[in-house]
Structures are given as structure tokens and as C-alpha cells.
Amino acid sequence: MAHGLGLGVKAYRGVFIICAALLAGASISMGGLLGFVGLIVPNCVRMIHKVKSRQGILLCTIYGAAFLLLCDTLSRLLVFPYELPCGLLLSIIGAPYLIWILIKKRKRLGTD
């Protein structure tokens, strides 16, 4: 419909995707890198378990705590005499995951 009205749909779509990525990055930078846990864990729980919302909340808390504990342990053990910040390891995992989700969503909507 927008194309029929003469709007450049591809240009607007690209601008909106960039804006969405910038807004997500800004919110994560304000809330801290541990916010990636809230992005990664619920999506993984939905992919692994097909559960209702009440059960999903319980599973997200358990998986989120386990994931954060795993990242903290790895950040302490990867370069043993030193210690990496846990948020650094989460951002290394979370940033590509965010990009993958955006690409997957774009393909699902058929907007290649």
C-alpha cells in the first residue's frame, strides 16, 4: 500500500532497521551489558521448550541464572591469571545473536 502511494519502501525499511538496532544498542548501553541476558535467554527458552507464558517465566529465570553463572565462570577462567568482565563475554555472545534475530525476523516477514 505504501509503495502504491509512492513511498520508497526499501529506503524506509532500511532506516527503520537501523533505528531499531541503534535503539536496542542505546538501551543496552544504558542498562548495562547484562541486559543481553534478557534478550538471549527468553528466545532460547522459546526455541527449546514450547511452553505457555507462566511456565516460560519460571524457565527463563532458571536458564537466565544458569547462563549468567556460566558466563561469569568462563570470564574468570578464559585468561586465568586475569579476569574478564562478565559483560564483555555477554556482549560477545549477545551482539551476534541480536543481529541473527534481526535477520531471521526480516526473512520471516519476507522483506529480503
Inset, instruction - Would you look at the GNM of the chain, springs on alpha carbons closer than 10 Å, and say which of CYS44, CYS60, CYS71 moves the most? - result: CYS44
Inset, instruction - At 7 Å along the Cα-to-beta-carbon direction for both PHE80 and ALA20, put a label point, then send me their distance in nm to one decimal. - result: 4.5
Legend entry - Given the chain, longest segment not containing exposed loop trypsin sites (Lys or Arg not before Pro) (DSSP; at most 15 other Cβ within 10 Å): 53-112
Legend entry - Positive minus negative residues near LEU89 (Lys, Arg vs Asp, Glu; Cβ under 12 Å): -1
Inset, instruction - Using only Cα atoms, locate the centre of the range 54-71 and the centre of the range 1-51, then give the distance between them in Å, rounded to an integer. - result: 22
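Hand me the chymotrypsin sites (Phe, Trp or Tyr not before Pro) from the range 56-112 located in a DSSP loop with no more than 15 other Cβ atoms within 10 Å, in residue order please.
TYR82
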Inset, instruction - Quick one: order HIS3, HIS49 by neighbouring beta-carbon count within 10 Å, fewest to most. - result: HIS3, HIS49
Legend entry - CD proxy at 222 nm, helix term only [per DSSP H run n ≥ 4: -39500 (n - 2.57); per residue of the chain; nearest 500]: -26000 deg cm²/dmol
Inset, instruction - Quick one: Debye curve from the alpha-carbon atoms of the chain only, equal weights, vacuum; give me log10 I(q)/I(0) at q = 0.12, 0.22, 0.23 Å⁻¹ to two decimals. - result: -0.57, -1.22, -1.26
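In which sequence would LEU74, LEU109 go, from the one with the fewest C-beta neighbours within 10 Å to the one with the most? Before the final figure, lay out each step's value.
Numbers: LEU74 13, LEU109 9.
Fewest to most other Cβ atoms nearby, the residues stand as LEU109, LEU74.
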Inset, instruction - Can you tell me how much longer the chain between HIS3 and LEU102 gets when fully stretched, taken as 0.36 nm per residue apart minus their C-alpha distance, in nm with one decimal? - result: 33.4 nm
Legend entry - Gaussian network model of the chain, springs between alpha carbon atoms under 10 Å - residue of GLY56, GLY35, GLY64 with greatest fluctuation: GLY56
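Every number here is computed from the coordinates shown, using simple stated rules; none is lab data. Model, not experiment: these values are computed from the prediction. Here Cβ is always computed from backbone atoms with ideal geometry, including for glycine, and neighbour counts include all displayed protein chains.
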